[in-house]
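Colleague: What follows is a single structure, and I will ask about it in a moment.
Just so it is clear, none of the values below were taken in a lab; they were calculated from the coordinates. As the structure is a prediction and not an experimental result, all values here were calculated from the model. No Cβ is skipped: glycine too gets one built from the backbone with ideal geometry, and neighbour counts run over all protein chains shown.
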Amino acid sequence: MCSSNKYELVMDFSWYVDVLVILASVRGIDNQGDMIAMQWMDVAWRVLPVRCYAVRRSLEILICRGPGADDEGGSSRRGDAIDSDRHFLPEVLPAAAWIVGEYSQLIPDGVDEEGLNTTFDASSKGPFHALIQALTAPTDAAGMNPLPCSTQAVFVQNAMKVFSAACQRN
């Protein structure tokens, strides 16, 4: 409904990105993953003012605890109750990787916007490094172990884009 007529009914694209991210974490709608991923990438591609926000939300899915997670809990990244309950539709993960890779020059702006904590593990040295760690890991933060080869291929391709942006920035 929202994507008909080139999103003419959507007035707030940040809200729409939020809705797509929330839908991506809902259990029981596995057959809608491709549609959610395509609309998320399409909005990031078409709507310039929302790109930074789409990058931020992609970072949350790829390297952080995810939307609505408690950052103050001090729990470990893997193996605890919070992380084991995380769920994202598998089709959304390559879309999130594509967004951060394609618009990797916006990563610092997305992190600084609201002070997003982008620590993948104790060895992370900033948002670019943490994202490259997340994209080159054979498993994801949502607990899918291991990732499908097609998703890993997208992750590695976009890790190179992130690495290139990090090198240009430093």
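Colleague: How many nm separate the modelled label positions at Val26 and Lys125, each set 7 Å beyond the Cα in the direction of the Cβ?
Modeller: Taking the two extended label points, one gets 4.3 nm.
Colleague: Separate question: Test of understanding: what is the full-extension gain from Cys149 to His87, defined as 0.36 nm times their sequence separation minus their Cα-Cα distance? Working shown, then result.
Modeller: Working: separation 62, 0.36 × 62 = 22.32 nm, distance 1.89 nm.
Full extension of this stretch gives 20.4 nm more.
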